[in-house]
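For reference, the structure is listed below as structure tokens.
The values are calculated or read from the model by the stated rules, or taken from the named source; none is laboratory data. Please read these numbers as outputs of a predicted model, since none were measured by experiment. For neighbour counting, all protein chains shown are included, and Cβ atoms are generated from backbone atoms with ideal geometry for every residue, glycine included. All accessible areas refer to the heavy atoms of the entire protein, side chains included, with ligands and DNA or RNA removed. Shrake-Rupley method; radii C 1.70, N 1.55, O 1.52, S 1.80 Å.
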Amino acid sequence: MGTYFHPQCFCCHSCGRPIVENEFSLSGRDPYHKSCFKELAHPKCEVCHQFIPTNRAGLIEYRCHPFWSQKYCPSHEHDNTARCCSCERLESWDARYVSLGDGRSLCFECMESAIMDTGDCQPLYHAIRDYYEGMNMRLDQQIPMLLVERQALNEAIVGEKSGLHHMPETRGLCLSEEQTVTSILKRPKFGRHQLVGIKTQPQKLTRKCEVTAILVLYGLPRLLTGAILAHELMHGWLRLKGYRTLNPEVEEGICQVLSYMWLESEVMPGFRNMPSSSTSTSAASSSSSSSSSKKGGKSKVEHKLGEFFMHQIANDSSPAYGGGFRSANAAVNKYGLRCTLDHIRLTGNFPL
């Protein structure tokens with residue numbers, strides 16, 4: 001460094017102890033033990049908590065979640081490390097996830113507000129129906145809503161004659177055909193990182209109108225369950241109001257807008273006026289806030305989850321769900337929800 005030191009005075013800027021090795025690290029004018037500098041500057045994996053290794057080119061290569069900024073070794077994408085089916089974060093080695101028993105895992109933060117059976121979900125379902133009514137989009141028909149396991153949802157999808165489904169996994173379904181569906185009757189119990197004792201019952205769904213039932217995967221956080229319900233209810237509303245068969249970008253796009261708007265009302269109440277009228281805004285927001293206040297308000301964890309679910313909708317890469325949402329959202333922001341829906345009814349497309 002071009003300077004003279006007593007041996008005991010040449011100390012590491014991090015730990016304060018003398019540097020006696022022949023090599024040391026330098027940051028600006030500050031010397032460090034190589035091990036201390038690595039501890040400070042070399043990124044650690046948030047899954048295995050080890051230093052992220054260098055690749056063949058000698059560069060530090062890691063993966064990073066675009067929303068949570070969780071950094072991890074590339075190898076964890078292929079070594080069967082569990083990923084939360086709700087928030088997408090990888091399981092850390094010091095915080096085990098809960099197995100839902102159908103190939104899905106849930107982190108403890110998402111578990112806090114998870115809805116586990118059909119009965120638990122009814123208040124949320126009615127709150128979202130009230131939200132629709134507050135925007136002058138009342139659903140007169142009583143559409144059954146069931147929480148189901150992954151296998152039951154997949155079987156119901158096979159039984160449907162038409163419809164687009166979000167890959168890699170569908171989380172909800174607006175059912176049009178008569179089917180017998182196995183629903184979650186009683187919430188499972190928590191035991192040793194897995195849920196046990198789940199109680200189900202087969203239910204015969206008869207077709208009384210254009211919509212037979214709405215199915216949603218069980219075990220998801222309240223805000224994600226609500227976003228799925230808001231999306232599927234919009235499918236139901238379109239069918240019950242006699243809208244023509246729409247192309248996937250239009251139908252999925254406008255359904256994603258309703259999902260996003262409901263999340264927005266929960267996460268950022270009063271952030272923007274609902275695109276119909278000022279009176280419907282107050283009604284919709286009051287029904288939404290009342291359902292949240294019964295639970296004592298949302299925690300910071302749940303609030304952050306809501307922001308993530310909105311981020312997922314806004315940044316979806318699929319043409320129908322992502323591209324459709326962005327086109328639908330632009331139309332709703334420009335013309336309002338009611339004018340956009342009227343234009344869709346007349347032309348089958350979004351207003352430009």
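Among the protein heavy atoms of the chain, carbon and sulfur supply 51% of the accessible surface, probe 1.4 Å, non-protein parts ignored. Taking the average, over residues, of other Cβ atoms within 10 Å as the packing measure, peptides 7-19, 78-90, 57-69 rank 78-90, 7-19, 57-69 from highest down. Each label was represented as a point 7 Å from its Cα along the Cα-to-Cβ direction; for H49 and F24 these points are 3.0 nm apart. By how many degrees, between 0 and 90 and to the nearest 10, does the Cα long axis of helix 278-293 differ from the longest principal axis of the chain? Tilt of helix 278-293: around 60 degrees.
The dipole here belongs to the chain: it is taken about the Cα centre, uses +1 on the Cβ of Lys and Arg and -1 on the Cβ of Asp and Glu, and is about 480 debye.
A simple spin-label model places pseudo-atoms 7 Å from Cα toward Cβ; at E61 and N315 they are separated by 2.2 nm.
Any chance you could run the full-extension gain for C15 through Q151? It's 0.36 nm times the residue separation minus the Cα-Cα distance, nm to one decimal. Walk me through the numbers before you get to the answer.
On the way: separation 136, 0.36 × 136 = 48.96 nm, distance 5.52 nm.
Answer, rounded to one decimal: 43.4 nm.
Does the chain come out rounded, prolate or oblate by the C-alpha gyration tensor, with a ≥ b ≥ c the root eigenvalues, rounded set by a/c under 1.5 and, if not, prolate when a/b is larger than b/c and oblate if not? Spell out each step's value before the answer.
On the way: a/c = 2.54, a/b = 1.96, b/c = 1.30.
Prolate is the answer for the chain, as a/c is 1.5 or above and a/b outweighs b/c.
The charge dipole of region 82-170, taken about its Cα centre with unit charges on the Cβ of Lys, Arg, Asp and Glu (plus for the first two, minus for the last two), comes to roughly 180 debye. Packing order of peptides 91-103, 247-259, 215-227, highest average first: 215-227, 247-259, 91-103 (average count of other Cβ atoms within 10 Å over each peptide's residues). Taking all protein chains as they are arranged and a probe of 1.4 Å, the heavy atoms of S318 leave approximately 30 Å² accessible to solvent. Here the label points at Q122 and R338, each 7 Å from Cα along the C-beta direction, are separated by 3.4 nm in the simple model. Of the residues N22, N154, N333, the one that moves most in a GNM of the chain with alpha-carbon contacts below 10 Å is N22.
The long axis of helix 300-314 is offset from the longest Cα principal axis of the chain by roughly 70 degrees.
Ignoring ligands, DNA and RNA, what accessible area per residue does region 1-82 give at 1.4 Å, in Å²?
Values: 5800 Å² over 82 residues.
Dividing the accessible area of region 1-82 by its residue count gives 71 Å².
Note on L40 and Q8: with the Förster distance fixed at 22 Å, the Cβ-Cβ geometry gives a FRET efficiency of about 0.45. Helix 324-335 and the longest principal axis of the Cα set of the chain meet at an angle near 70°.
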